[in-house]
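Below is one structure, written out as structure tokens, with a few remarks after it.
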Amino acid sequence: MRHLIDITDFSVAEIDNLLDLADKMIEHPEDYRDCLHGRILATLFFEPSTRTRLSFESAMQSLGGSVLGFSSAASSSTAKGESLTDTIRTVSCYSDVIAMRHPVDGAAMAGSFRSRVPIINAGDGGHLHPTQTLTDLMTIRREKGRLTDMVVGVCGDLKYGRTVHSLIGAMSRYKGVKFVMISPKELKVPEWVTSELTKLGIPFTEVESMEEAMPQLDILYMTRVQKERFDSEETYLRLKDVYILTPDKLANAKADLSIMHPLPRVNEIHPDVDDDPRAVYFEQVRCGRFVRMALIKTLVEDAASNGKPNGVPAPEENEIRGTVKCGNPRCITCQEETLPQIFRLKDADEKVYRCVYCDWEHKA
């Protein structure tokens, strides 16, 4: 069974093919109007969403399919104590594909072990958001005509910003891409992200000044400081206004800069910036519908005909299983303790292992 949990589940060639298909769907939507007639998408949103949930529903209906699901955890049997994996096993009996958002890191991976149908990760906690990344890649390619040879600036909450983590993972596979990471020290990109860039030899810098970084950027990817991810409201209040993009801060930016944001925004982009022709964040919203159409069609048509779950993966040679507990309190294994603890070798020399659910690193 093919799932999309992490953007790296798809090769660069497969991503390019998805983007090509999405472009065709924009140009000729009538050719795809009934291609998934009779198929059902389940949207399981344990966390609030506007764009992602509605874009999935719009995408499936545009393909001739139908939608069922819920938009809050309180509407599901998890409120009664049902496990996530039992919910997934149940809903996969009623549907042909599942799009799931969950507030806990690694939830989508856990669900994929038990689902009879493809799982699409629509955001798992502060971990990953691969379909937003497909949306971002499509927007960049339509704006720039390429996904190579550019400087990408990511700004704001880079610690809990799942869209940032997925975008970096995707763009790092295209040649000539450099990253500038703009954040306060408290909200820096997690080490599991930067260590992978270092391992691959991808150039990046970490700075605290937006103005300092601005002149070199081809892409500026703004993010909001996410109140729901903070344990301390005091820390959130101290950091929430640290970066606010205004027209004057774009004075030294490139004429062809593309200003992006996964939305929703709070106040990190002033409304006056909306009128700048370089602002493309509402074009991102439009791209989101079509790239999700391409993804749903691809996964449904590629799904195994027998519909059997993949199950928990077989142990690999360089793996720790059952003897180490994940140290990330936001990991799904800390919420559902019956899940197997699985760590796979990341660095043999340093004896570093990584949790398969949330990427938390453990040194043996």
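For the chain, complete DSSP H runs whose alpha carbons reach 30 Å or more along their own long axis and whose mean Kyte-Doolittle score is 0.0 or higher are 281-302. Taking amide hydrogens as placed 1.01 Å from N in the peptide plane, the amide H of G69 sits under 5 Å from those of T43, each at least 5 positions away in sequence or on another chain.
Of the peptides 81-90, 152-161, 313-322, 121-130, the ranking by mean beta-carbon count within 10 Å, highest at the top, reads 121-130, 152-161, 81-90, 313-322. Report note on the peptides 107-120, 194-207: ranked by the mean count of other C-beta atoms within 10 Å, highest first, their order is 107-120, 194-207. Summing Cβ point charges (Lys, Arg +1; Asp, Glu -1) relative to the Cα centre of the chain gives a dipole of roughly 660 debye. With each label modelled as a point 7 angstrom along the Cα→C-beta vector, the E191-K24 pair spans 4.6 nm.
Note on the chain: with neighbouring protein chains present and a 1.4 Å probe, carbon and sulfur make up 47 percent of its accessible heavy-atom surface. P(r) for the stretch 63-190, from all Cα pairs and a bin width of 10 Å, is 12, 35, 28, 20, 5, 0 %, short bins first. Once divided by 2.2 N^0.38 Å, the Cα radius of gyration of the stretch 1-76 becomes 1.25. When the Cα atoms of the stretch 137-210 are aligned to their principal axes, the ranges along those axes come out at 35, 24, 21 Å in descending order.
The alpha carbons of the stretch 102-168 occupy a box of 40, 26, 14 Å along the principal axes, longest dimension given first. With 15 Å as the cut-off, how large is the P(r) tail for the stretch 261-360, expressed as percent of Cα-Cα pairs? Tail of P(r) above 15 Å: 76 percent of Cα pairs. Here is the tail figure for the chain: Cα pairs spaced more than 34 Å apart come to 25 percent of all pairs.
For E82 and E316, a Förster radius of 41 Å and the Cβ-Cβ distance give a FRET efficiency of 0.85, rounded to the nearest 0.05. Mean separation of Cα pairs under 8 Å and 6+ residues apart, divided by the residue count of the chain: what relative contact order is that in percent? Averaging sequence separation for qualifying contacts and normalising by length gives 19 percent for the chain. Pairs of C-alpha atoms in the stretch 12-125 farther apart than 25 Å represent 24 percent of all such pairs. The label point for T205 and the one for C93, both projected 7 Å from the Cα toward the Cβ, are 5.8 nm apart.
Per residue, the chain exposes 43 Å² of solvent-accessible protein surface, assessed with a 1.4 angstrom probe and all protein chains in place.
The values are calculated or read from the model by the stated rules, or taken from the named source; none is laboratory data. The shown structure was predicted, so the numbers you read here are calculated from the model rather than taken from an experiment. Please note: Cβ atoms are built from the backbone with ideal geometry, for glycine as well, and neighbour counts cover all protein chains shown. To get the accessible areas, we keep the full protein, side chains included, count just its heavy atoms, and leave off ligands, DNA and RNA. Shrake-Rupley method; radii C 1.70, N 1.55, O 1.52, S 1.80 Å.
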